[in-house]
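Nothing in this text is a laboratory measurement; each read-out follows from the coordinates by a stated rule. Predicted model only: the values in this text are computed from it and were never measured. Heads up, the Cβs are rebuilt from the backbone with ideal geometry, glycines too, and the neighbour counts pull from every protein chain shown.
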Amino acid sequence: MPLEVLDLAKRIAEAAADKQASDVVLLDTRKVCSFADYFVICSGESERQIEAIGEAVAKVLAEEAVSLYHREGNANSGWVLLDLGDIIVHIFSQFEREYYQLEKLWSKASVVVKIM
């Protein structure tokens, strides 16, 4: 039986945290965003770690038979975006995360999970 969207978003956040992602945040964007229900935002310290976080998310998707609609960016660009439809995963370098400030941009979204 497939996971509910929120449960899948939580598993993705946990998978990122398991790869030592920093500042993992799961936002409920249903009331403020028309294109996704949840954002998972996290940071990696290096290109290698950003890749590892992305691979951990891909493993969760494979385990749950969830398709990735679209992928943007790569580890050396400092921002990987994984579009799952209802969930958007943002894996940033520290620099890119501070530059784009998505949590500030989506500050009206509710924080569901925050893992420091």
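May I ask you to compute the full-extension gain from LYS59 to GLU4, defined as 0.36 nm times their residue separation minus their alpha-carbon distance, rounded to one decimal in nm?
Here the segment from LYS59 to GLU4 would lengthen by 18.1 nm.
Looking at region 1-88, which GluC sites (Glu not before Pro) are DSSP coil and have at most 10 other C-beta atoms within 10 Å of their C-beta?
Those satisfying the criteria are GLU4.
Near the amide H of VAL112, under 5 Å away, which other amide H atoms are found, from residues 5 or more places off or on another chain, if H is placed in the peptide plane?
HN-HN under 5 Å from VAL112: LEU26, LEU27, ASP28.
Using the Kirkwood radius built from alpha carbon pairs, what does the Stokes-Einstein equation give as D for region 14-54 at 20 °C and 1.002 mPa s, in µm² per second?
195 µm²/s
What share of all Cα pairs of the chain, in percent, falls into each consecutive 10 Å distance bin?
15, 52, 31, 2
In Å and whole numbers, how far do the C-alpha atoms of region 70-116 stretch along each principal axis, longest first?
29, 25, 19
Running a GNM on the chain with Cα contacts under 10 Å, which residue among ALA36, ALA62, ALA16 ends up with the highest mean-square fluctuation?
ALA62
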